[in-house]
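Scroll down for the structure; my scribbles are underneath it.
Each value in this text was obtained by applying a stated rule to the coordinates, not by laboratory testing. From a predicted model like this one, the values you see are computed outputs, not experimental measurements. Here the Cβ positions follow ideal geometry from the backbone for every residue, glycine too, while neighbour counts run over all protein chains shown.
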Amino acid sequence: MRRFLPYHEIPERRDRRAAVVALHADGWSAKAISGYLRVGTSTVYRILRRWAEEGPEGLEDRPHGRPPGVRKVTLRAMEAIRRFQQNPNLGEFRIHAALAQIGIHLSPRTCGRILALNREIYGLEKPKGPVKEKKEMPFAARRRHQYWSADVRYVDNDRVGGRAYAISVLDNHSRAVLASALTRTQDLASYLSVLYAAVERYGSPEALVTDGGIFRATQARAVYEALGIAKHEIERGRPWQNYIETHFNVQRRMADWHFARAESWTGLAAAHERFVEDYNAQAHFAHAGRDDGRRSPAEVLGFASGVRHREEELRRAFFSARFVRVLDALGYTRFRHWRVYGEEALAGREAALWLAAESLTVEHAGEPLSRYAVKVEAASGELRSVARPRLFENSHGLRRPQQRLFALDTLGEGGWLKAMRLEGYATRAPRRPHGLQQALFTYLDAL
């Protein structure tokens, strides 16, 4: 005769657990109970642990799921997802990363279910992305600052008056944006300015990956050689080999919706700055399987840097393209016998002048202030002409000492002068040797 039926043949769950406790009270070991009742040892230990902690209440059935009042999907989380879903380009993973940034931790699957629920309630459309096959990346980095990628992307916004471009430099291993700027032009000077900002902060990488165009200009190649950077180019017609193309796809989903709603250049620049900060801080899909728990590009990049350079070394590497000047009280600076305008609100501050083959750009803190079309004498480097001035809207214009009565740009070339040719420095007359004073009397007469 058996004292108890096998565990799974006892009809009531409470009686099953009571049988385990009764046998244990009679001195049976957990292994003996497991063999007699034909149940796993882990189940026996779990029942005995509940009995020790809760007493007779530990024999009762527990409700499935989370206890009432303990829910991850709260109204706050659902409202945050609905707010992020206003940008229709964001998928479940980007929503999951954005929620984690503000302290709400939901799995991507949970975010996907809430997104589907919101689409059903509010009649939203599900974004459809292109289906792409996974290809082997030839410039996959095994360590930080092994490969950097750089490229230019056009930003679509008709409200700011004119074209806008995002120039970015990316670390292939961590996927972190090292430097990025929103510019009006996609010329060599704008690219070198972004590269200078990245190298100044993080040092130089082992190699740089780009496509053609401005990235293989003569001045750019001279900078690579001076900094010890190997230059690689992706194959023609295969932009996917450049890691920054994947980054630009993330930028389209995260930032294009905000870019399109910017009312001014200041708002557009603020949206770009906010995107770079959020992108580096949020979890990246490429780091989902890391064992060290680092998920965001900023966490993976950490404090590591490439080859550091002293200030004089950077100045020597960019000597043919970058020049530092101080703006005077009216916002002008002198450069090679020309007086060019930068920004009146930055009087007394340093500005960087970027000289290319056909342009001169005045910049402060990575933000372009003005640009001029120039003709440079190849042999001597002298500026033959400075014409077609173009002033850029910037964040420093609001701090001018006095607001202007009208836009000075409307005066045209014949009105307010932005560039003026100056006279050369006067040559210094050579010093004549001083004649020796004649002695009044001879030394022997004095004795």
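For the stretch 122-206, what does the alpha-carbon gyration tensor say about shape, rounded, prolate or oblate, given a ≥ b ≥ c as the root eigenvalues, a/c under 1.5 as rounded, and a/b over b/c as prolate? Verdict is oblate for the stretch 122-206. Backbone N atoms of the stretch 304-321 closer than 13 Å to the 7 Å Cα→Cβ label point of GLU350 belong to residues 311-316. Here the relative contact order of the stretch 75-122, from alpha carbon pairs under 8 Å that lie six or more residues apart, stands at 39 percent.
Extension gain, LYS135 to PHE319: 0.36 nm times the residue separation minus the Cα-Cα distance gives 62.2 nm. Here the spin labels are modelled as points 7 Å beyond Cα on the Cα-Cβ line, and at ARG252 and VAL73 they lie 3.0 nm apart. Rounded to the nearest Hz, the phi-derived 3J(HN,Hα) couplings of the stretch 304-316 under the Karplus curve 6.51 cos²θ - 1.76 cosθ + 1.60 (θ = phi - 60°) are 5, 9, x, 6, 6, 10, 6, 4, 5, 5, 5, 5, 6, where x marks glycine and proline. Only beta bridges with both residues in the stretch 95-254 are counted; by DSSP, about 65 percent of them are antiparallel.
Once you've got the GNM for the chain with C-alpha springs shorter than 10 Å, pick whichever of PRO297, PRO205, PRO108 has the biggest mean-square fluctuation. Comparing PRO297, PRO205, PRO108 in a Gaussian network model of the chain, the most mobile one is PRO108.
Between the amide H of SER359 and those of VAL374, distances stay under 5 Å, these residues lying 5 or more places away or on another chain, with hydrogens modeled in the peptide plane.
On full extension, the segment bounded by GLU60 and GLU120 gains 17.6 nm, given 0.36 nm per residue less the C-alpha separation.
For the stretch 279-309 versus the stretch 197-263, the inter-centroid distance based on Cα atoms is 18 Å. Here MET420, MET1, MET78, MET254 are placed in order of increasing Cβ neighbour count within 10 Å, fewest first, which gives MET1, MET420, MET78, MET254.
Dividing the mean sequence gap of close Cα pairs (under 8 Å, 6+ apart) by how many residues the chain holds gives a relative contact order of 10 percent.
For the options PRO11, PRO389, PRO239, a Gaussian network treatment of the chain with springs between C-alpha atoms closer than 10 Å singles out PRO11 as fluctuating the most.
Take the Cβ atoms of ALA365 and GLN86, set R0 to 45 Å, and the FRET efficiency comes out at 0.90. With neighbours defined as other Cβ atoms within 10 Å of a residue's Cβ, the residues ASP151, ASP211, ASP156 order from fewest to most as ASP156, ASP211, ASP151. In this structure the amide hydrogen of ALA176, modeled in the peptide plane, comes within under 5 Å of the amide hydrogens of ASP171, none closer than 5 places in sequence on its chain. The phi-based Karplus calculation (6.51 cos²θ - 1.76 cosθ + 1.60; θ = phi - 60°) puts the 3J(HN,Hα) values of the stretch 208-220 at 10, 10, 8, 9, x, x, 5, 6, 10, 5, 4, 5, 5 Hz, whole numbers, x for Gly and Pro. In this label model, ALA378 and ARG49 are separated by 8.1 nm, measuring between points 7 Å along each Cα→Cβ vector. The angle between the Cα long axis of helix 188-202 and the longest principal axis of the Cα atoms of the chain comes to about 60 degrees, rounded to the nearest 10. Stretched out straight at 0.36 nm per residue, the stretch from ALA25 to LEU422 would grow longer than its current Cα-Cα span by 132.5 nm. Of all the options LEU417, LEU188, LEU48, the one that moves most in a Gaussian network model of the chain with Cα springs shorter than 10 angstrom is LEU48. Residues whose amide H comes within less than 5 Å of that of ASP151, counting only those at least five positions distant or on another chain, are SER168 (H built at 1.01 Å from N in the peptide plane). Computed 3J(HN,Hα) for the stretch 337-353, one whole-Hz value per residue from the Karplus formula 6.51 cos²θ - 1.76 cosθ + 1.60 where θ = phi - 60°, is 6, 10, 10, 10, 8, x, 7, 5, 5, 9, 4, x, 9, 6, 10, 9, 9, glycine and proline marked x.
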